[in-house]
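What follows is one structure encoded as structure tokens, with my remarks underneath.
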């Protein structure tokens, strides 16, 4: 009887051990990411960073603007089309402008912009830094007494903080224009009603809330993508070029998941 009871307890003990190891690993990684971010963020304010920050703003912000605005335009058109047929059933087609603008400014604008930047610029950041790590270029910076965090990571974090809100604003504006085209030009809604509803329903709290989300997403995406690239050589599942590919995949997936989680948390705080 004693042997049977001990054999039944073994799976439970194994499960508890696995949960404990997983929790400790998550806490260790979270602490490492936090320290990594704090050290890199403190180096943003050095005078020598300005030129590198401008270069990263061009790469993260300017070169992502076209794809962000394209996605924003068609998102607004789809919203205008779907919401129009939904609102018509309740006799409220006149509030289409409010529905489109608030949906974009409060939620879809910051979230979709962050995901698109993650897919385009975030993956590139991880890959570039990861290749520099495995090719020992980062070690060469140490030998030249150049701090890799200040040289590689800080400009990307600062550029993300600047670029995310600006691209979110472009996304929102182009999306509202897309909703106008879909609802007014294609479906025949009164243009004055659409524009009046946009102006009357959107208040400064909605705009600042969307920008706050964009800044939070900027911290998340830049930190996670740079962290995975910087520590590519410490992966246990692979090494070399394969490690760079897996690091890029992990960075994009984790960034997208954390964007959605952070969106819920920030929304619950702002409401």
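The values are calculated or read from the model by the stated rules, or taken from the named source; none is laboratory data. The structure displayed is predicted, hence computed values, not measured ones. Neighbour counts are summed over all protein chains in view; Cβ atoms, including those assigned to glycine, are modelled from backbone coordinates with ideal geometry.
If you check 112, 81, 104 for being in a helix (DSSP H, G or I), buried (at least 21 other Cβ atoms within 10 Å of the Cβ), touching a residue at least 24 places away in the same chain (Cβ under 8 Å) and in contact with a helix residue (DSSP H, G or I) (Cβ under 8 Å, 6 or more places away or on another chain), only one passes: 104.
Taking region 116-155 as the range and being out of contact with any helix residue (DSSP H, G or I) (no Cβ under 7 Å at 6 or more places or on another chain), at negative phi and either surrounded by 20 or more Cβ atoms within 10 Å (Cβ to Cβ) or not in a helix (DSSP H, G or I) (or both) as the test, the residues that pass are 135, 144, 146, 147. What are the residues in region 34-58 that are in a helix (DSSP H, G or I) and surrounded by fewer than 16 Cβ atoms within 10 Å (Cβ to Cβ), if any? Correct list: 34, 35, 38, 39, 42, 47, 48, 50, 51, 54, 55, 58. Considering only residues of region 84-101 that are touching a helix residue (DSSP H, G or I) at 6+ places or on another chain (Cβ under 7 Å) and modelled with pLDDT under 85, which is surrounded by the fewest Cβ atoms within 10 Å (Cβ to Cβ)? Ranking the candidates gives 94 first.
Yes/no per residue for (1) without any contact (Cβ under 8 Å) to a residue 12 or more places away in the chain; (2) more than 22 Å from residue 42 (Cβ to Cβ):
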position: 228; (1), (2): no, no
position: 242; (1), (2): yes, yes
position: 249; (1), (2): yes, yes
position: 254; (1), (2): no, yes
position: 270; (1), (2): no, yes
